[in-house]
Amino acid sequence: MQNAKDTFYTMLQGRLAILNPSRTRVLRGVVRPATLVDENELPTAWIPLDAFRLQWTRLQVTSASPLPLVEMECSIQYATDGSSGNGGMDRGRLLAAMDAELATALAAEPHTVAKMNYATAGAGVAPTAMGTNVFWADPVFGAASTVGERMERTATVQVFANQEAGEL
Amino acid sequence: MSDLSVAAARTADVLLRALGGRTVMLRTPASAVPADVTEQLGIATPLFQDLPLAPVAYRKARATVTEGKAAKWEMLVSATTVEGLVGSLAYASASVLFAAAYGVLCGGELLEIVSATQEQVFGRPYVYRLILRAPLAQGV
């Protein structure tokens, strides 16, 4: 199921980067698209703003078939303080823009992508394609919450994949 | 640079040494690798570099540890040392150095940096104050 998580993340990061190439973050001297998986980053006390943060929460494995069906819940959190040049008065518009980007990226066809194995990948080395696909449902957007000047929202997506023989 | 600000920095160094003057290590990750997706997937991890910070003095900032919350520490760091690191490693500023750092290694224990502030005299920092959080495993 790790391969399904990796595949879904790279698919979503790629689609979001195409929709808004200017949504980037600087991480240890390198500019990257502002989509990240919390569990893969160094623990920090601060929350990255204007970025999509993925967390893998629920997990269910249905082993009735030869290829067990794995159902995972991906929680996508994003927050903004607005832009300082506008005194933060545009924070609602910026949150709405992130809502639209995420909804468009996940609604784009196809709703499926070939599962990839990134264990052997590296700089300049492509991942290996596997025999099954990763697919997902429409996202469910939670209520926007306000903490001080910060607006944030969490969307959840159900991600499905078949567990292949020998796959961890 | 004012003579008074230099004197304040030297006085702070003397006081920090008098209070124990410990040496700790600032653990900083190496630069990220461009176009390497494995770092973003948790497969490859960055190399870490330990930079010595001395003299420093620290104390427990959260006296009563509440259940499930780790202890917090307050560390005073010599501005002279920090300025030396910022200059030699070509960081833009001390705040960038502390923001890039993963934590502070104190006697084999890695403490996470929660915040970094500075005290100034005539526009020049004479001491840096770090708020550090102990690992959650050491919570009550």
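The values are calculated or read from the model by the stated rules, or taken from the named source; none is laboratory data. Being a predicted model, the structure only gives us computed values, none of them experimental. Reconstructed Cβ throughout: ideal geometry from the backbone, glycine too, with neighbour counts over all protein chains shown.
Some points to look at:
- Qualifying positions in the stretch A:61-82 - touching a helix residue (DSSP H, G or I) at 6+ places or on another chain (Cβ under 7 Å) and part of a loop (DSSP other than H, G, I, E, B): A:ASP81, A:GLY82
- Scanning the stretch B:119-134 for residues that are of a type in the set (Phe, Trp, Tyr) and out of contact with any strand residue (DSSP E or B) (no Cβ under 8 Å at 6 or more places or on another chain) yields one hit, B:PHE122.
- Residue match in the stretch A:98-120 (condition: in contact with a strand residue (DSSP E or B) (Cβ under 8 Å, 6 or more places away or on another chain) and over 28 Å from A:ASN162 (Cα atoms)): yes
- So B:LEU15, is it modelled with pLDDT of 90 or more, assigned to a strand (DSSP E or B) and hydrophobic (A, V, I, L, M, F, W, C): no
- All positions within the stretch A:4-31 that are over 14 Å from the mean Cα position of the chain (by Cα) and within 10 Å of another protein chain (Cβ to nearest Cβ): A:VAL26, A:LEU27, A:ARG28, A:GLY29, A:VAL30, A:VAL31
- Applying the criterion of at least 3 residues that are modelled with pLDDT under 90 to the strands (runs of 3 or more DSSP E) found wholly in the stretch B:55-129 leaves B:109-121.
- Screening the stretch B:21-34 for residues that are exposed (fewer than 14 other Cβ atoms within 10 Å of the Cβ) and under 17 Å from the mean Cα position of the chain (by Cα) and picking the one that is nearest to the other protein chains (Cβ to nearest Cβ) gives B:ALA30.
- Restricting attention to the stretch A:79-124, the residues being under 15 Å from A:LEU16 (Cβ atoms) and of a type in the set (Phe, Trp, Tyr) number 0.
- One residue stands out among those in the stretch A:50-73 that are of a type in the set (A, V, I, L, M, F, W, C) and within 14 Å of chain B (Cβ to nearest Cβ): the one that is surrounded by the most Cβ atoms within 10 Å (Cβ to Cβ), which is A:PHE52.
- Filtered residues of the stretch B:99-114 (kept if free of Cβ contacts under 8 Å to residues at least 40 places away in the same chain and either under 10 Å from the mean Cα position of the chain (by Cα) or buried (at least 20 other Cβ atoms within 10 Å of the Cβ) (or both)): B:ALA99, B:LEU111, B:GLU112, B:ILE113
- Considering the stretch B:35-49, the residues that are surrounded by 13 or more Cβ atoms within 10 Å (Cβ to Cβ) and either under 21 Å from B:LEU97 (Cα atoms) or among the acidic types (Asp, Glu) (or both) include one that is farthest from the other protein chains (Cβ to nearest Cβ), namely B:GLN49.
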